[in-house]
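Colleague: Supplied in structure tokens, the structure appears directly below.
Throughout, read-outs are computed from the coordinates displayed, never taken from laboratory work. No experiment lies behind these values; they were computed from the predicted model shown. Please note: Cβ atoms are built from the backbone with ideal geometry, for glycine as well, and neighbour counts cover all protein chains shown.
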Amino acid sequence: MTDEDEQSELFEEFLALIAVQTGTQRNKLNTDTVIQSLGVDGDDACELLEELKRSFNINLDGFEYFDYFHDESWLVTSFLNIALYMTPEGRLNMANNRKTKKDLTVMELFKRIDPKSGQLN
């Protein structure tokens, strides 16, 4: 098996794990899929990253979690504000504020696999 075949197989296993963890159909995932677009944020994001780290030895050194994801308290507060208190304009402002987080693609995570031990554990 060539290195390219191994990488391709590893990527397929990587996508399969993301599909299972997020409840997303595998055929909906590709290199450009934004993790947050899968409904992953807060604790769910933390759990996904932990599982990818455990299974694929992803290196998260220097990874700034809060550059990409909100914490659970932000999610709860946002939901309550939208549901109970805010005007339509306020909802739009909150949605725009949500977009201030950086997008994290599947490929960006895949590139963090340690090449020496990136095989599925």
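Colleague: Mind listing whichever residues of region 12-57 are farther than 22 Å from Lys101 by Cα, out of contact with any Lys or Arg (no Cβ under 8 Å at 6 or more places or on another chain) and of a type in the set (A, V, I, L, M)?
Modeller: Correct list: Leu17, Val20.
Colleague: Here's a follow-up. Could you run through region 1-36 and say how many residues are touching a residue at least 60 places away in the same chain (Cβ under 8 Å), among the polar types (S, T, N, Q) and part of a helix (DSSP H, G or I)?
Modeller: Within region 1-36, residues that are touching a residue at least 60 places away in the same chain (Cβ under 8 Å), among the polar types (S, T, N, Q) and part of a helix (DSSP H, G or I) number 1.
Colleague: Within the set of pairs 6+ apart or on separate chains, which have a first residue in region 40-55 that is at negative phi, a second that is surrounded by 15 or more Cβ atoms within 10 Å (Cβ to Cβ) and part of a loop (DSSP other than H, G, I, E, B), and C-beta atoms under 6 Å apart?
Modeller: Close Cβ pairs (under 6 Å, with a partner that is surrounded by 15 or more Cβ atoms within 10 Å (Cβ to Cβ) and part of a loop (DSSP other than H, G, I, E, B)) amount to Asp41/Phe69; Asp41/His70; Ala45/Phe69; Leu48/Val40.
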